[in-house]
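Inspection log for the structure reproduced underneath, given as structure tokens.
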Amino acid sequence: MKLTFKYPVYPTQTQETTLLQWLDHLCELQNSARNNRKFAHEEEGRFVSRYDQQQLLKVAREKYDDFREVPQDFQVSILKRVDQAFDAFRRRCKEGAEKKGYPRYKTRVRSLTWCLRKHTLKTGERVRQNPIRETGFRHNRLKVPKLGEVKIRMHRPIQGDPKEVTLVKKASGWYAHITCELSDTPKVEPTDAIAVDVGTTHYLTTSEGEKEDNPRWYRRAEGLLHKHNQTMARRKKGSKRWYKAVHASALHQERTTNKRKDFIGKLVYKLYHHKENKVLVAEDLSVSNMVKNKHLSKSISDASWAAFFDWCGNMVSERDGFHFHQVDPKNTSQTCSACGEKSPKKLSLVIRTFDCRFCGNSIDRDHNAAINILLRAARAHRGERWVTNLYETKNLPVDG
Ligand SMILES: [Zn+2]
């Protein structure tokens, strides 16, 4: 399992100038690597591999001074990025996707990555170099190749074996992302389960009938964002005051993203840890399809369920050994959770309560859907203990 730890770093002004120069150089390198592949493919019909480009890089480093000034690790990781972009492009072509999305020309590169290599100690032991030097003061030091040590604020201890460091420039400053390799957490016994139904009126409804309000970050931030754009439009492009407005807007957007992440992280923690659930079940929504619905697209993107599911699946369940299941969402809101009969008429989104024609059950629409999701997962994972508990308490007929 891999975990990434984020810390703020505070380069001095001289260090920042160097870093920005490196980012400019890497941007050029990324674009030329892309153009190299594009040219080779369009003119000569051949594919360029990452190793070909690394050979070219080697030659360039021998030839040109400005190539030698930038650490090779950064350049290699940029070539790796281009390689990944083209791999994804080729995959999309093969799948026959509608939008193939040729890797784009970049106007900016915002991050640089380097790997931490292993080296041999005098005792013969192979260890990975530690990028952090502890000082015992408020700030520790991060070792950056060819730059020296940069102030880093370690607000939480690092876990596991650090493998890779990325320095990212954001509107609010610089950040270090340290990727560490950890041993896998054993899975806990799946005893208590809860299902959630996500929506736009409420962020989610659990199978116990509890609701979580939708914060609608984007809707809230929209007004101020518009103001920033107006200011930007009024000022002369490229001027100092224009750059100030751009920065203010970027800062605002970064804060909105942070608010969203904070909310999702806390929500997932609440569902798993506070409520002591070991299993979480959700729908397997294809968010990209739903966004195509023009009336709902903004609300759906704003809710960022994909990020929520991602957080449940990758972060918490893998790190803490919990379980996360996703089930087919078909008809979950059209079926009665008490008798299992499907409603003959399609329930529109406006109707908030589900009234069953067959057994007279009247229940909140989202709550009904959440129970259906839980039952569906229970059917799929029969034999695990939480499922039998569920069936004893609910005493429901099993089909399929
Ligand atoms: Zn019913």
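Read the figures in this text as sums done on the coordinates, not as results from a lab. All figures in this text were calculated on a predicted structure; none of them were measured in a lab. In this analysis, Cβ positions are derived from the backbone assuming ideal geometry, glycine residues included, and neighbour counts consider all displayed protein chains.
Which of the lysines could a cross-linker bridge to residue 106, judged by Cα under 17 Å and excluding same-chain residues fewer than eight apart?
The qualifying lysines are 38, 80, 169, 170.
Through the Karplus equation 6.51 cos²θ - 1.76 cosθ + 1.60, θ set to phi - 60°, convert the phi angles of the stretch 125-130 into ³J(HN,Hα) values in whole Hz; use x for Gly and Pro.
Each residue of the stretch 125-130 in turn: 7, 9, 10, 7, 5, 8 Hz.
Using the Karplus curve 6.51 cos²θ - 1.76 cosθ + 1.60 with θ = phi - 60°, work out ³J(HN,Hα) for each residue of the stretch 93-105 in order, rounded to whole Hz, and write x for Gly and Pro.
So the J values, rounded to whole Hz, are 5, 5, 6, x, 5, 5, 9, 7, x, 4, x, 8, 6.
State the cysteines of the chain left without a partner when partners are defined as other cysteines whose beta carbon lies under 4.7 Å away.
Here 27, 93, 115, 180, 312 come out as lacking a disulfide-compatible partner, given the Cβ-Cβ threshold of under 4.7 Å.
What is the Cα coordinate range of the stretch 148-290 on the first, second and third principal axes, sorted by size from largest, in whole angstrom?
Answer, in whole Å and largest first: 61, 47, 28 Å.
Where in the stretch 194-214 is the amide nitrogen less than 15 Å from a point lying 7 Å along the Cα-to-Cβ axis of residue 296?
Residues 197-205 qualify, since their backbone N sits under 15 Å from the label point.
Angle check, please: helix 217-234 long axis (alpha carbons) against the longest principal axis of the chain (alpha carbons), in degrees 0 to 90, nearest 10.
Result, in degrees: 40.
Please quote Rg/Rh for the chain to two decimal places, taking the Kirkwood radius as Rh and restricting both calculations to Cα atoms.
1.03
Could you compute how fast the stretch 1-183 diffuses translationally, taking Rh as the Kirkwood radius over C-alpha pairs and applying Stokes-Einstein at 25 °C with viscosity 0.890 mPa s? Give it in µm² per second.
Translational D for this selection: 134 µm²/s.
State the Cα centre-to-centre distance between the stretch 204-240 and the stretch 298-330 in whole Å.
When both Cα centres are located, 22 Å separates them.
If packing is taken as the average count of other Cβ atoms within 10 Å, what order do 338-345, 217-224 fall into, highest mean first?
With the highest mean Cβ count within 10 Å placed first, the list reads 217-224, 338-345.
Taking the stretch 1-64 as the region of interest, what is the percent of Cα-Cα pairs per 10 angstrom bin, listed from the shortest bin to the one with the maximum distance?
17, 31, 27, 21, 4
Relative to the longest principal axis of the C-alpha atoms of the chain, give the angle of the C-alpha long axis of helix 385-394, reported between 0 and 90° and rounded to the nearest 10°.
30 degrees
Quickly estimate the mean residue ellipticity at 222 nm for the chain, helices only: each DSSP H run with n ≥ 4 gives -39500 (n - 2.57), and the total goes over all residues, rounded to 500.
-13500 deg cm²/dmol
For the stretch 238-386, treating each Cα as an identical point scatterer without solvent, what Debye log10 I(q)/I(0) comes out at q = 0.09, 0.14, 0.19 1/Å?
Cα-only, vacuum Debye calculation for the stretch 238-386: -0.41, -0.85, -1.28.
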